[in-house]
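J.: Quick one: the structure is below, and I'll ask about it shortly.
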Amino acid sequence: MSMIWVYLETSGGSLTKGSLEALGEARRLADAAGGSVCGLLIGADLGNPATQAGHFGADKVVTVEDAAFADFNLEVHTRLAVKALGGGEAMLVLMSVSTHTRELAARLAANLGVGLAVDCIGLEREGDELVFKRPLYGGKVYQEVTLAGAPGIALLRPNNFEAAPEDTGRAAEVTPLGETVDAGDLKLAVKEAVAAAVGKVSLTEATVIVSGGRGMKGPEHFNLVEDLAATLGAAVGASRAAVDAGWREHPEQVGQTGKTVSPVLYIACGISGAIQHLAGMSSSRFIVAINKDPDAPIFKLADYGIVGDLFEVLPLLNEEFKQALA
């Protein structure tokens, strides 16, 4: 394996947690096979992320730095990524799952005519082949796949892979791609990007998530979920029923038609456990369910279950966690 590429995303001037995990996995594979790791960065103000990529395992970083690319544009990133990967050195491309990479990976695979594995939670070498493990049917079964064509593309689910230890004495060779995209040739233009409220924990990268469902009985009660999340430094999630009712915004939706998450701890409050919701959180390491219905399907998946009135349970849990974390 000559070179493993990692498509890197940034947030607030730094690499995202998912990108660091993808770099760590690339470094592990490269070290085992005597290969190298190359990061691809597209955007504006890339100095710090490029340096950070070297600290976390990249041997080389290819950049396309332009203020016009400060906001993600699928057409721009697809064209530039195809240019970067067209040299024949890349044997594998790793990306962390995000809203942007789901679209980008599919377009790249189609443009390059190569295989794509999505939502991977494990990656192992068997002989000369890389085998990717991914969940199906809400995590009820697991599929192992290999990729045809080079470079194969794999989307890694966050919180399932380890970032390499930071080594500030390590530096990557930073090389501009030497290609750009003429705005006049684009069919897609980003007019405005609206950032989420500052201070919120990213749902897909959170290690702890507290989610509320129909059992919250209204938007006015989600303060109980928010209070517990604040105590735990967690992200706030919601079921499709809560989002469809207008109680929470769609970016907080967990499930098949929302975000797929893999936190260390997932606390489901008043969520019955519809299959589409389970599909989005079943790979969580530990699941705690709070529901007054002892027959709720969520309890079949949960590691710990609390049968009771969440309006009584959540304040008690919050106080206990506050004391434990004090």
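The values are calculated or read from the model by the stated rules, or taken from the named source; none is laboratory data. Predicted model only: the values in this text are computed from it and were never measured. Note: ideal-geometry Cβ built from the backbone for every residue, glycine included; neighbour counts use all protein chains shown.
J.: When residue 56 is evaluated against the numbered criteria (1) crowded, with 18+ Cβ neighbours inside 10 Å; (2) out of contact with any helix residue (DSSP H, G or I) (no Cβ under 7 Å at 6 or more places or on another chain); (3) over 15 Å from residue 176 (Cα atoms), which criterion, by number, is the only one it fails?
T.: Of the numbered conditions (1) crowded, with 18+ Cβ neighbours inside 10 Å; (2) out of contact with any helix residue (DSSP H, G or I) (no Cβ under 7 Å at 6 or more places or on another chain); (3) over 15 Å from residue 176 (Cα atoms), the odd one out for residue 56 is (2).
J.: Only one of these conditions is not met by residue 118: (1) in the same structural domain as residue 65 (by TED's automatic domain parsing); (2) part of a loop (DSSP other than H, G, I, E, B). Which number is it?
T.: (2)
J.: Which number in (1) more than 19 Å from the chain's Cα centre (by Cα); (2) among the acidic types (Asp, Glu); (3) surrounded by 12 or more Cβ atoms within 10 Å (Cβ to Cβ) marks the one condition that residue 119 misses?
T.: Evaluating residue 119 over (1) more than 19 Å from the chain's Cα centre (by Cα); (2) among the acidic types (Asp, Glu); (3) surrounded by 12 or more Cβ atoms within 10 Å (Cβ to Cβ) leaves (1) as the failure.
J.: Another question, then. Among the residues of the range 225-252 satisfying the criterion of being assigned to a helix (DSSP H, G or I) and small (Gly, Ala, Ser), which is nearest to residue 275 (Cα to Cα)?
T.: 241
J.: Next up: Picking from 39, 87, 54, which residue would you name as being of a type in the set (Gly, Ala, Ser) and free of Cβ contacts under 8 Å to residues at least 24 places away in the same chain?
T.: On the way: 39 fails: free of Cβ contacts under 8 Å to residues at least 24 places away in the same chain; 54 fails: free of Cβ contacts under 8 Å to residues at least 24 places away in the same chain.
Checking each option against the conditions leaves just 87.
J.: Next question, about the same structure. Give me the pairs, please: first residue somewhere in the range 96-108 and not assigned by TED's automatic domain parsing to the domain that holds residue 81, second residue anywhere and modelled with pLDDT of 95 or more and of a type in the set (Phe, Trp, Tyr), beta-carbon distance under 9 Å, and either six or more positions apart or on two chains.
T.: none
J.: So which residues in the range 277-301 are among the aliphatic types (A, V, I, L, M) and modelled with pLDDT of 95 or more, if there are any at all? First the steps, then the outcome.
T.: Within the range 277-301, the subset among the aliphatic types (A, V, I, L, M) is 278-279, 281, 287-290, 296, 298, 301.
Across the range 277-301, the qualifying residues are 287, 288, 289, 290, 296, 298.
J.: Surrounded by fewer than 22 Cβ atoms within 10 Å (Cβ to Cβ), acidic (Asp, Glu) and at pLDDT below 95: is that true of residue 66 in this structure?
T.: Numbers: surrounded by fewer than 22 Cβ atoms within 10 Å (Cβ to Cβ): yes; acidic (Asp, Glu): yes; at pLDDT below 95: yes.
When the stated conditions are applied, residue 66 passes them.
J.: Starting from residues that are charged (D, E, K, R) and at pLDDT 90 or above, keep the ones in the range 74-112 and report whichever is farthest from residue 128 (Cα to Cα). Full working, then the answer.
T.: Within the range 74-112, the subset charged (D, E, K, R) is 75, 79, 83, 89, 102-103, 107.
Still in the list and also at pLDDT 90 or above: 75, 79, 83, 102-103, 107.
Values: 75: 34, 79: 30, 83: 27, 102: 27, 103: 29, 107: 27 Å.
Ranking the qualifying residues of the range 74-112, first place goes to 75.
J.: Which ones in the range 228-245 are touching a residue at least 24 places away in the same chain (Cβ under 8 Å) and surrounded by fewer than 17 Cβ atoms within 10 Å (Cβ to Cβ)?
T.: If the condition is that a residue be touching a residue at least 24 places away in the same chain (Cβ under 8 Å) and surrounded by fewer than 17 Cβ atoms within 10 Å (Cβ to Cβ), then 233, 245 are the ones that fit.
J.: Here's a follow-up. Sort out which residues of the range 211-225 are closer than 11 Å to residue 239 by Cα and crowded, with 21+ Cβ neighbours inside 10 Å, and write them in order of number.
T.: Once the filter is applied, which keeps residues that are closer than 11 Å to residue 239 by Cα and crowded, with 21+ Cβ neighbours inside 10 Å, the range 211-225 yields 211, 212, 213, 215, 216.
J.: In the range 126-146, what residues are in contact with a helix residue (DSSP H, G or I) (Cβ under 9 Å, 6 or more places away or on another chain) and surrounded by 13 or more Cβ atoms within 10 Å (Cβ to Cβ)?
T.: 130, 135, 138, 139 - these are the residues of the range 126-146 that are in contact with a helix residue (DSSP H, G or I) (Cβ under 9 Å, 6 or more places away or on another chain) and surrounded by 13 or more Cβ atoms within 10 Å (Cβ to Cβ).
J.: Does any residue of the range 198-218 turn out to be at pLDDT below 85, outside the structural domain of residue 281 (by TED's automatic domain parsing), out of contact with any Phe, Trp or Tyr (no Cβ under 9 Å at 6 or more places or on another chain) and of a type in the set (Val, Ile, Thr)?
T.: Here is the first cut: in the range 198-218, the ones at pLDDT below 85 are 198-202.
Retained after the next criterion (residues that are outside the structural domain of residue 281 (by TED's automatic domain parsing)): 198-202.
Subsequent filtering for residues that are out of contact with any Phe, Trp or Tyr (no Cβ under 9 Å at 6 or more places or on another chain) retains 198-202.
Of the ones still in play, those that are also of a type in the set (Val, Ile, Thr) are 198, 201.
Yes.
J.: When residue 82 is evaluated against the numbered criteria (1) farther than 21 Å from residue 169 by Cα; (2) part of a loop (DSSP other than H, G, I, E, B), which criterion, by number, is the only one it fails?
T.: So residue 82 meets the others, but not (2).
J.: Taking only pairs six or more apart or across chains, which ones have beta-carbon atoms under 8 Å, a first residue in the range 1-27 that is at positive phi, and a second residue that is surrounded by fewer than 21 Cβ atoms within 10 Å (Cβ to Cβ) and polar (S, T, N, Q)?
T.: These pairs meet every condition: 13/48.
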